[in-house]
Every structure is written in C-alpha cells, then in structure tokens.
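Okay, structure first, notes after.
The values are calculated or read from the model by the stated rules, or taken from the named source; none is laboratory data. The structure displayed is predicted, hence computed values, not measured ones. Neighbour counts are summed over all protein chains in view; Cβ atoms, including those assigned to glycine, are modelled from backbone coordinates with ideal geometry. Keep in mind that these areas ignore ligands, DNA and RNA; they rest on the heavy atoms of the full protein, side chains included. Shrake-Rupley method; radii C 1.70, N 1.55, O 1.52, S 1.80 Å.
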Amino acid sequence: MTAKWLLRTQKRLDFLSLVEKKDKPDLISWVPDFRYKDPWNFLHQPRQIFRGNYRAYNTPGSTYATVIDIESNYQLAVSGIYIGTVVDKTVPPGNLTNNAAIGAAVLDGGQWHLFARTCAVNGVYPATGELIDLAYHRLRIWDQLPTEELPSRCQRTSPLTQIPQPGPISYDNAKDTIVHSVNGDIGMSILSKTTRKKMFKAETGYMGIAYRSVEIGDKVCVLMGGEMPFILRPFGGNYFGFGGESYVHGIMDGEMLAVARVNREDLKSVDTNNLAWIDNLGDEPWPFAAEKLILV
C-alpha cells in the first residue's frame, strides 16, 4: 500500500493532507483517493505537501511518525495529542457561488466573523491573547500572508498584527486566478483557505477551519509526524475515522507540545515563547505523552 510505504520511508504523515471526505465507501478513510474526480481538486494538490524543512507550520515539531505494526493493512496506528472536541460549526462560506467570489459569510460582519466572536473572552482570543477580530483575520488566511513563501512564516520573529482587508474581486477573475494558483492578493488567500470548508470551535476554546464534512463531536488532534492538526471521528475506544487536515489558530507552531509537556512534567505554566526544544525531537520517547490512536 502506497500510503504505508510513504510512512515507513519518510516517517511522516504528510500524505494525510491529501485526504478529504470521500463519496465512495470502497476506500478506507485515511488513504488518499487519487481516482476522485473533483473539479475543485486543484485547491488541494500534492505540491502542497512533502515540503521537508520548507513547511509553513510546525504543529508537531520535529517528531517522526511512529511506525507501529498492526495486523490489518486497512488500519493505521498513529500517536497524537488531543486539542479538543468540536462543539459548534458554521455553514460553508458560499465562495464562488451565485456569481459571488468571496461569500459574505467570511467577510467582516458575516456569520464566520460573528462565530469567531463567540470564542472570545472579554474580546480576546485566549489561545493567543490577541483581540478576537485580529485572530479571526489571521484564521481565515491560515495565518499566512500571500506574499510569504512557505518557510517565511516559520521564520517570523513576531506574530502578524495587521492584516489587509480584501478589495473587490469579480467572480470571473477569482475563478481564473485560483485555477492558475496566483495568490498575491489577500482576497485570493481568503478564498483558497475557506472554499469548501467550515469554521468550528472546540470545548477547549480553540477555533479552526476544517473540511465541510466536519461534524459536532469530531476530535481535533496533533498527530506526530503530520504538519497540520487533523479531524478524527470517534468510532469507539481508540478507533477513529479520518476527516482530513485543519487549521487551528494558536497551536500551529508547536504550542500543543508545550501544553502536553506541562501536563506530563507537572510544570506550573506553559512557556510558548521558548519552543526551540521542539526542533530536536525525532523518534520516541518524547518529553510529553502522546496517545496511541488507530485510524480505520
């Protein structure tokens, strides 16, 4: 099986970023379906993964995926850290429909923006300590400006404090630009990061964006060796269906590893300003606890 060969040779789970919810039930949930004919599949092509050191995010640090032999070839054993359970979600944004480029739901004052404000405490997003409107503006572009190359985001010395607002963009221009992967405009960044997605919030206070298949009750986890957080659907015990990657604001640079380390070592506080240690992790054992999960 190609997916397991990639795991054994790369010791990473980057291939999981190719997986979206499938309409055909004959393939297991965590295996990319290269047969799937989707006119919008260009939004998520293989060029976006296997980036090595040129990654935009550092969610699992430098951890390697754990290669665990299990009896069934149809199951994948992984190690993960729990982020939260989805307790509420939005509708899709309505991008590229009814001759509109960017759906009103994701613009300022729209449903997604108002939804983000329900994640605030006294106007502040707890995970980052920034004003909720700024947190939302960073969320809807997955915290990556259109002018930033992949490694540039990880090399920042401080978080973004100003995000430009999108200007007018026509339906025809948006469709043509996104098909040709031209991404030099903030509006196109919003479009590419929110199309066919839903916004969600977890009971732990985090807000994020995931595929439109996300449902209330789904678990959000960091998987060791996988660049992004992932959506898992509980099937009982430690068995889960796979629901694709997600963006979770406030944990994309390894912060959950620091939280897990605090929990394991019974430290008094989480230090997210000093995360250099997450770049020297490799294989187990790690200085934090990770749960064994089985994807089916």
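Bridging of residue 201 to aspartates and glutamates at a Cα separation below 14 Å is possible for 88, 215, 218, once same-chain residues fewer than 8 apart are set aside. Highest mean first, the peptides 199-207, 95-103, 156-164 sorted by other C-beta atoms within 10 Å per residue fall in the order 199-207, 95-103, 156-164.
Normalising by the residue count of the chain, find the relative contact order in percent from Cα pairs under 8 Å and 6+ residues apart.
Details: 567 pairs, mean separation 88.1, N = 296.
So the answer I get is 30 percent.
In terms of its C-alpha gyration tensor, the range 81-157 comes out oblate, because a/c is 1.5 or above while a/b does not outweigh b/c.
If you run the Gaussian network model on the chain, springs between alpha carbon atoms under 10 Å, then out of 31, 259, 222 the most flexible one is 259. Protein heavy-atom accessible surface, 1.4 Å probe, per residue over the chain: 47 Å². Residues considered: 143, 69, 283. Largest GNM mean-square fluctuation over the chain, using C-alpha springs under 10 Å, is found at 69. Close amide-amide hydrogen proximity is noted between residue 244 and 231, each under 5 Å apart and 5 or more residues distant or on a separate chain (H modeled in the peptide plane; Pro and chain starts excluded).
Taking only the alpha carbons of the chain, we obtain Rg and Dmax values of 18.5, 55 Å in that order. Largest GNM mean-square fluctuation across 149, 245, 227, computed for the chain with C-alpha springs under 10 Å, falls on 149. Near residue 103, the amide H atoms lying under 5 Å from its own belong to 95, 96; only residues 5 or more places off or on other chains count, and H is placed 1.01 Å from N. With r defined as the distance between the Cβ atoms of residue 8 and residue 147 and R0 fixed at 41 Å, what FRET efficiency is calculated, to the nearest 0.05? Calculated transfer efficiency: 0.65.
Holding the Cα-Cα limit at 29 Å, pick out from 175/198; 198/292; 175/219; 11/175; 89/175 the pairs that are longer than that. Numbers along the way, then the final one.
On the way: 175/198 20 Å; 198/292 27 Å; 175/219 33 Å; 11/175 37 Å; 89/175 26 Å.
Distance filter (> 29 Å) returns 175/219; 11/175.
Only Lys, Arg, Asp and Glu carry charge here, each on its Cβ (+1 for the first two, -1 for the last two); on that basis the chain has a dipole of about 480 debye about its Cα centre. Amide H contacts of residue 84: 220, each under 5 Å away and 5 or more positions distant or on a separate chain (H built 1.01 Å from N in the peptide plane; Pro and chain starts excluded).
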